Structure formats: C-alpha cells, structure tokens
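What follows is a short report on a single structure.
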Amino acid sequence: MHVHALVRMRATRRQFLATFFLRNRPELELIRRLLDQKGDGSSLQISVLGCSKGAEVYSIVWTIRSARPDLKLRIHAVDISQDVLEFAERGIYSLKSPDLLNAPNHEGVTETGDLAWKTSRDQEDASIFERMTDGEMEAMFYREGDQVTVKSWLRDGIIWHLGDAGDPELVSVLGSQDMVVANRFLFHMEPAASERCLRNIARLVKPGGYLFVSGIDLNVRTRVAREMGWKPVTELIREIHEGDVSLRRGWPVEYWGLEPFQDDRPDWMIRYASVFQLGETSLLNHG
C-alpha cells in the first residue's frame, strides 16, 4: 500500500485507449441481474462515459439485448476524442496486428493498416478480442477477411456524443439515466480533477439509478461515496473488483494498479464496491 501510494504521488498520468470486449464479465452479469424485474417493453436509458474504442458499449448492449430483447434500450456513448468516437461508431475492427505501428504520423500506412493501428492502439501485446470465445465473436460480429464489423442489432439505438465527463452541461445534453457507466478513465486524472468529475457524473443518475465506476483511485471513490450517501451494491462485489485481470496485474507499481480485495477492512463494502445505487427509488420499480 505504501509503495502504491508513492507511485500515485509521483506518476505522470495520461489517458490510454487500451480496452477489451467483455472486459469484466461479473460487471456485465450484474447489469443483467439488475434488469430481472423490469417489466416487458420497459424503457432503459444508459450512458457510457469515456467509451473509447466502443468495446465496452457494444459489450453492454450485447449483454442486455441477449437477455432482454424486449427492452426499449437507448445508449448514450460519450468520449472526449472525436477521432476515437468516430472509430467506435463505425464498429469495424481489425483482426491483424498493425503494420508500421511505430511509423511517425502513420506515414506509409494503408487504410487496412490504419484500421489495424486504431484497433491495437495502446493495446501493447494484448488483443482487444482476447477475452471472447469463438461463439461470442460469431454472435457479435460479421467477419470479412481480416476485419470484423459489429452486427447491426447491436449498433441500433446507440447515440454517440463528443463530450467531456466533467462538463456541468452534460446532464442537460443526456438527461437523467437509469445507469451510468464511468469505468477505467478516472484514474488517469489527477485525484482532485477525478473527484470533481465523479461528482459531476453522479448528477446524471436518476434517483434509484445505478452508477458503475471502476478504474478510479479508491480513496477518491470512497470519500465521494460516503459524503454523497451512495449505497454500495454488494452483490458480486468481490467478483467485479477482481474481474478485470489487467488492472490487478498493475498492482502496486502502476498508478492504475488495483489493490487486492481485503474483506478484513472495516470499510470494505464501500471501498471495494464498483457499483452504487443513488437515491431511494429502485431502478427495478421503474416502468
């Protein structure tokens, strides 16, 4: 813990675009469970902030529509980068390793190579598809040669927004949401900025709605959750905390590394909860 605290104090933080389809399966399972009591044909509004290359957005849509095709699902996908947002919206990914990955300004990179570069950007040696089975690949994508395209039934109903999660005007653009997903980008911000952003994000969640927020300094999340009276969701709490192996591998020498789950801490339920219910009215009671 001491080593990690020193790392966080001294590290230069920057945003990374590395991501994975079906990145945290217990997290997706909890989303599915929270919908079990939704009535047939109910509406569901979800915002995914820091949507990056789109893998998390499409994974959430696939989870919900596979389980509850009757729901009227609307997804708002938000990112601060126009280039990355356009790539995510296209929903086309390369199965190849990028050519000329280190070429300055992508000089000499073909269109096919550019797709490979964008797919693999910041992934290091990890494939964006590495956590998927062959059956899941077939269910989610059309394949043509060395590239795949997200199927149309998963792309329908997604609204792509260029925006900043810290912008106070974001709530007027998106409106109140049943669920807000703000995963794995807040820890790339300095703690003070991350805290301001988290408080702003919480304004998007309607009373009784749910906030998913992993990939953040735990001290920041714990402090804000306590001060704002958020109710930690303890179902699958440990499984979700440990569900993204890439974050656990970074402990303790990377600022984004995730500390081990310690259920002997008196504050463990709020410290290790990645999901919180805000307000008093349950989402499951919303028609």
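The values are calculated or read from the model by the stated rules, or taken from the named source; none is laboratory data. All values reported here derive from a predicted model rather than from experimental measurement. Positions of Cβ are backbone-derived with ideal geometry, glycine not excepted, and every protein chain shown enters the neighbour counts.
Observations on the structure shown:
- Residue pairs whose Cβ atoms lie under 6 Å apart, separated by 6 or more positions or on different chains, with the first residue in the range 239-260 and in contact (Cβ under 8 Å) with a residue 40 or more places away in the chain and the second in a loop (DSSP other than H, G, I, E, B) and of a type in the set (A, V, I, L, M), are Leu247/Leu258; Trp251/Leu258; Tyr255/Ala11.
- Residue match in the range 32-40 (condition: closer than 24 Å to Asp164 by Cβ and part of a helix (DSSP H, G or I)): no
- Of the residues making up the range 126-160, those that are surrounded by 14 or more Cβ atoms within 10 Å (Cβ to Cβ) and of a type in the set (Val, Ile, Thr) are Ile128, Val148, Thr149, Val150, Ile158.
- Across the range 64-71, not a single residue is classified as at pLDDT 95 or above, within 15 Å of Phe185 (Cα to Cα) and of a type in the set (D, E, K, R).
- For the range 14-34, the set of residues classified as closer than 18 Å to Gly50 by Cβ, out of contact with any Asp or Glu (no Cβ under 9 Å at 6 or more places or on another chain) and at pLDDT 95 or above consists of Leu28, Ile31, listed by residue number.
- The range 192-238, subset within 16 Å of the chain's Cα centre (by Cα) and more than 25 Å from Arg248 (Cβ to Cβ), residue surrounded by the fewest Cβ atoms within 10 Å (Cβ to Cβ): Ala202
- Search result, residues across the range 163-176 that are touching a helix residue (DSSP H, G or I) at 6+ places or on another chain (Cβ under 9 Å) and either free of Cβ contacts under 8 Å to residues at least 12 places away in the same chain or more than 18 Å from Glu195 (Cβ to Cβ) (or both): Gly163
- Number of residues in the range 52-71 that are out of contact with any Gly (no Cβ under 6 Å at 6 or more places or on another chain), without any contact (Cβ under 8 Å) to a residue 60 or more places away in the chain and more than 17 Å from Met132 (Cα to Cα): the value is 4.
- Of residues in the range 5-16 being within 23 Å of the chain's Cα centre (by Cα) and in contact (Cβ under 8 Å) with a residue 24 or more places away in the chain, the one surrounded by the most Cβ atoms within 10 Å (Cβ to Cβ): Arg8
- Beta carbons closer than 6 Å, at least 6 apart along the sequence or on distinct chains, never pair a first residue in the range 124-138 that is in contact (Cβ under 8 Å) with a residue 40 or more places away in the chain with a second that is loosely packed, with under 12 Cβ neighbours inside 10 Å.
- When the range 142-162 is limited to residues that are of a type in the set (Val, Ile, Thr) and free of Cβ contacts under 8 Å to residues at least 60 places away in the same chain, the one that is farthest from Val78 (Cα to Cα) turns out to be Val148.
- Considering the range 105-124, and only residues there that are loosely packed, with under 15 Cβ neighbours inside 10 Å and either charged (D, E, K, R) or assigned to a loop (DSSP other than H, G, I, E, B) (or both), the residue that is modelled with the lowest pLDDT turns out to be Gly108.
- Residue within the range 80-95 that is part of a strand (DSSP E or B) and among the polar types (S, T, N, Q) present: yes
- Only a single item in (1) touching a Gly at 6+ places or on another chain (Cβ under 8 Å); (2) surrounded by fewer than 21 Cβ atoms within 10 Å (Cβ to Cβ) is not met by Ile75, and it is number (2).
- The strands (runs of 3 or more DSSP E) found wholly in the range 125-237 and carrying at least 1 residues that are farther than 26 Å from Met269 by Cα occupy 141-144, 147-150, 158-162.
- Selected residue [closer than 23 Å to Met189 by Cβ and among the charged types (D, E, K, R)] from Glu254, Glu239: Glu254
- Out of Ala165, Ala182, Ala193, sole residue that is aliphatic (A, V, I, L, M) and more than 18 Å from Phe212 (Cβ to Cβ): Ala193
- Considering the range 237-277, the residues that are basic (Lys, Arg) and at pLDDT 95 or above include one that is farthest from Phe129 (Cα to Cα), namely Arg265.
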